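Asks: This is the structure I have questions about; it appears just below.
The values are calculated or read from the model by the stated rules, or taken from the named source; none is laboratory data. The structure presented is a predicted model; accordingly, all values stated were derived computationally and were not measured. Ideal geometry is used to build each Cβ from the backbone, glycine not excepted, and the neighbour counts take in all protein chains shown. Please note that ligands, DNA and RNA were not included when accessible areas were found on the heavy atoms of the full protein model with its side chains. Shrake-Rupley method; radii C 1.70, N 1.55, O 1.52, S 1.80 Å.
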Amino acid sequence: MIVAVLSLCANAVAQSGPSTAIVKPQPTEAWSFTTYVDGYIAPHSSFLASPIFTADHSHLHLEARYGYEDRHIGSAWAGYNYSAGTNLKLQLTPMIGVVFGAQTGIAPGLEGSLTYGRFSFSSSAEYVFDVKNRDNNFFYAWP
């Protein structure tokens, strides 16, 4: 069970403002890159850092994660950025990913956000299909 979440954000080259894997920059013709690290402190466990790298170009979204699904697991993702609205902005990115390391699988996922002015709600969800043992399949969402 996660007790605390520490988010350290660092914007990379060609970034036009703060962004995360969930709240993405508007699609443009230029590439935009984001790197950040989530940190987790859980009871009776050691600290876990989860680095995440994203790259967006127009509607293309690429993402690489380590320690996000679980310890000693990496994942690579590709998705399509959808955006609608101006004052009330909806952004959705359906994705497909591969999971590797301590667990191996395929994972469909969805990242999305709804923004109005300075207020924003975002969520990320995925379902991991373990290719070696279906008893290890799991779903989770981060609101």
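Asks: Restricting to the range 46-91, name every residue that is within 17 Å of Ala141 (Cβ to Cβ) and within 12 Å of the chain's Cα centre (by Cα).
Replies: Ser50, Ile52, Glu63, Arg65, Tyr68, Glu69, Ser75, Trp77, Gly79 - these are the residues of the range 46-91 that are within 17 Å of Ala141 (Cβ to Cβ) and within 12 Å of the chain's Cα centre (by Cα).
Asks: In addition: Restricting attention to the range 92-119, report how many residues are within 21 Å of Thr35 (Cα to Cα) and open to solvent by 70 Å² or more (accessible area, probe 1.4 Å).
Replies: Residues flagged as within 21 Å of Thr35 (Cα to Cα) and open to solvent by 70 Å² or more (accessible area, probe 1.4 Å) within the range 92-119 amount to 4.
Asks: On to the next question. Spot the failing condition for His44; the list is (1) at negative phi; (2) open to solvent by 60 Å² or more (accessible area, probe 1.4 Å), and only one is missed.
Replies: So the condition that His44 fails would be (1).
Asks: Based on this model, can you work out whether Ser124 counts as in a strand (DSSP E or B), surrounded by 16 or more Cβ atoms within 10 Å (Cβ to Cβ) and in contact (Cβ under 8 Å) with a residue 60 or more places away in the chain?
Replies: yes
Asks: Name every residue in the range 69-91 that is open to solvent by less than 30 Å² (accessible area, probe 1.4 Å) and either touching a Phe, Trp or Tyr at 6+ places or on another chain (Cβ under 6 Å) or in a loop (DSSP other than H, G, I, E, B) (or both), in order of residue number. Before the answer, list the steps.
Replies: Kept after step one, since they are open to solvent by less than 30 Å² (accessible area, probe 1.4 Å), are these residues of the range 69-91: 69, 73-75, 77, 79, 81, 91.
Glu69, Gly74, Asn81 - these are the residues of the range 69-91 that are open to solvent by less than 30 Å² (accessible area, probe 1.4 Å) and either touching a Phe, Trp or Tyr at 6+ places or on another chain (Cβ under 6 Å) or in a loop (DSSP other than H, G, I, E, B) (or both).
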